[in-house]
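The values are calculated or read from the model by the stated rules, or taken from the named source; none is laboratory data. Keep in mind the model is a prediction, meaning the values are calculated, not measured. Cβ: placed from backbone, ideal geometry, glycine included. Neighbour counts: every protein chain shown.
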Amino acid sequence: MQPIRPLIIALFALPAMPIAAMSLPIVVYLPPFYAGEMGLGLATVGTIFMLTRFWDVITDPILGVVSDRWATRWGRRRPWLVASVPIVVGSVIMVFMPSPPVTGAYLLWWMVVLYVGWTLLTLSHMSWGAELAPEYNERSRIQGYREVALILGMVLVLALPVVIERTAVADVAAARVAAMGWFVVVLLPLTIALAVFFVPEHPVPKAPHVPWRETLAILVRNRPLRRILTVDLLGGVSGGIVTSLFLFLASDALQLANASVLILVYLLAGCAFIPLMLRLSFRFGKHRTLAGSSLFNAVTAPLILLIPEGNLALAVACFVLLGVNMGAGPFLMRSMMADIADEDAVHSGSQRTGLFFSLLTLTNKVGNAVAVGVAYAALDLIGFVPGGENTPAAIAGLEAVYVWPASLLSFAVAWIVWSFPLDEARQRRNRRILDERAAASAASAA
């Protein structure tokens with residue numbers, strides 16, 4: 001099969017920019033904004049964000065199964081992308097541009113609506129990307145492009161707070177959150193239109209009916225699936241802690257006024273090194289590259305504890321180092337999940353990419369939900385006050401919660417994924433079986 005043209009992959013990856021522009025503020029800017037400026041408090045906001053993530057335990061698998069079974073003449077994935085636009089746009093306006101005073105019920109309701117739209121959007125886009133190419137390394141290339149688009153979306157949306165923080169706006173926090181919301185509202189419909197109109201969606205053969213008990217048994221027996229979901233859950237907890245506490249670390253522990261600069265250099269470093277991570281995955285395999293990436297995260301995270309207060313130059317250097325492989329884990333796990341879906345198709349006879357990616361997004365969301373709820377509760381317990389007068393013990397507690405769970409969980413990820421059983425040779429065997437079945441089915445139909 002000929003490699004997909006770079007322009008087609010780039011057009012496919014474009015919707016990842018508004019996806020990232022929406023997802024990063026949800027974990028970095030919205031919790032402190034609603035806890036502080038909106039007056040809901042740390043414990044309340046942490047509980048709400050945890051509850052809304054657990055709502056996805058119900059919606060993600062349902063939407064994954066429906067998207068797998070609902071085939072139209074426009075494809076299985078593109079109609080759901082289009083359907084997600086009004087849901088996401090409407091809820092982003094309500095969440096990112098609230099009219100105070102707001103209540104916990106207001107935030108809870110609109111976050112639930114936002115996550116339903118977000119699930120439709122991200123699940124359809126990732127499943128579509130997994131089905132664009134069947135080849136082992138080509139899948140990594142597609143997901144690498146998508147990861148670059150995700151990081152560029154984060155960079156662009158984070159440039160807005162940097163600009164706003166240098167202006168004379170009365171309410172800086174509300175202005176930067178609103179600017180991020182408008183960025184998503186404008187960019188999402190445009191990028192989805194370009195992808196839907198210009199990127200093909202390959203047809204998938206109609207799958208035979210498999211009873212749900214048999215389906216569940218196949219999922220439970222799938223060792224690669226169990227491993228990747230465990231890894232994604234641990235990564236979600238680790239990533240959720242560091243992203244939800246980042247602003248507190250930068251402003252209260254490191255005493256830096258321009259925290260957005262650190263996120264920008266972190267993301268730019270991650271974007272710059274994705275081509276290197278791709279080449280490493282071609283050379284050593286996806287799972288070994290992911291294990292090495294996790295070990296790198298584990299040993300570099302404690303360097304944050306060595307940054308002196310107010311030293312922006314050293315903080316920038318540290319976050320550049322931390323960002324070297326920040327994009328490796330997400331795109332490698334998505335590429336590995338596409339291979340796992342093929343493994344399942346060999347045994348079940350059904351191509352259930354949507355279901356598998358719904359499980360992948362679900363574990364990451366649950367991990368993030370646990371991280372925000374537990375981390376904010378821990379800060380409340382140790383007496384940390386955002387933006388207030390904090391004791392040295394409270395600051396040390398903030399730094400410990402930020403660094404050590406992420407480091408230990410990264411070691412765990414590396415250990416679990418090192419002996420991952422699905423490599424390139426096994427994937428090629430699976431694709432040969434699936435291609436032979438498809439050819440036999442086509443010949444029978446003819």
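Things worth noting here:
- Residue match in region 379-390 (condition: part of a helix (DSSP H, G or I) and under 21 Å from Thr52 (Cα atoms)): yes
- Looking at Leu280, Leu303, Leu234, just one residue is in a helix (DSSP H, G or I), modelled with pLDDT of 90 or more and more than 22 Å from the chain's Cα centre (by Cα), and that residue is Leu303.
Table: residues versus (1) closer than 24 Å to Pro189 by Cβ; (2) of a type in the set (Ser, Thr, Tyr); (3) within 18 Å of the chain's Cα centre (by Cα).
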{"site": "Arg77", "(1), (2), (3)": "yes, no, no"}
{"site": "Leu81", "(1), (2), (3)": "yes, no, yes"}
{"site": "Trp109", "(1), (2), (3)": "yes, no, no"}
{"site": "Asn137", "(1), (2), (3)": "no, no, no"}
{"site": "Leu152", "(1), (2), (3)": "yes, no, yes"}
{"site": "Ala159", "(1), (2), (3)": "yes, no, no"}
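- Filter result (of a type in the set (Gly, Ala, Ser) and at negative phi) within region 362-384: Gly367, Ala369, Ala371, Gly373, Ala375, Ala377, Ala378
- Test: residue in region 380-401 that is among the β-branched types (Val, Ile, Thr), closer than 15 Å to Leu42 by Cβ and surrounded by fewer than 22 Cβ atoms within 10 Å (Cβ to Cβ): yes
- Residues that are touching a residue at least 40 places away in the same chain (Cβ under 8 Å) and charged (D, E, K, R) within region 57-115 comprise Asp60, Asp68, Arg76, Arg77, Arg78, listed in sequence order.
- Yes/no for Ser124 being in contact with a helix residue (DSSP H, G or I) (Cβ under 9 Å, 6 or more places away or on another chain), free of Cβ contacts under 8 Å to residues at least 40 places away in the same chain, assigned to a helix (DSSP H, G or I) and not basic (Lys, Arg): no
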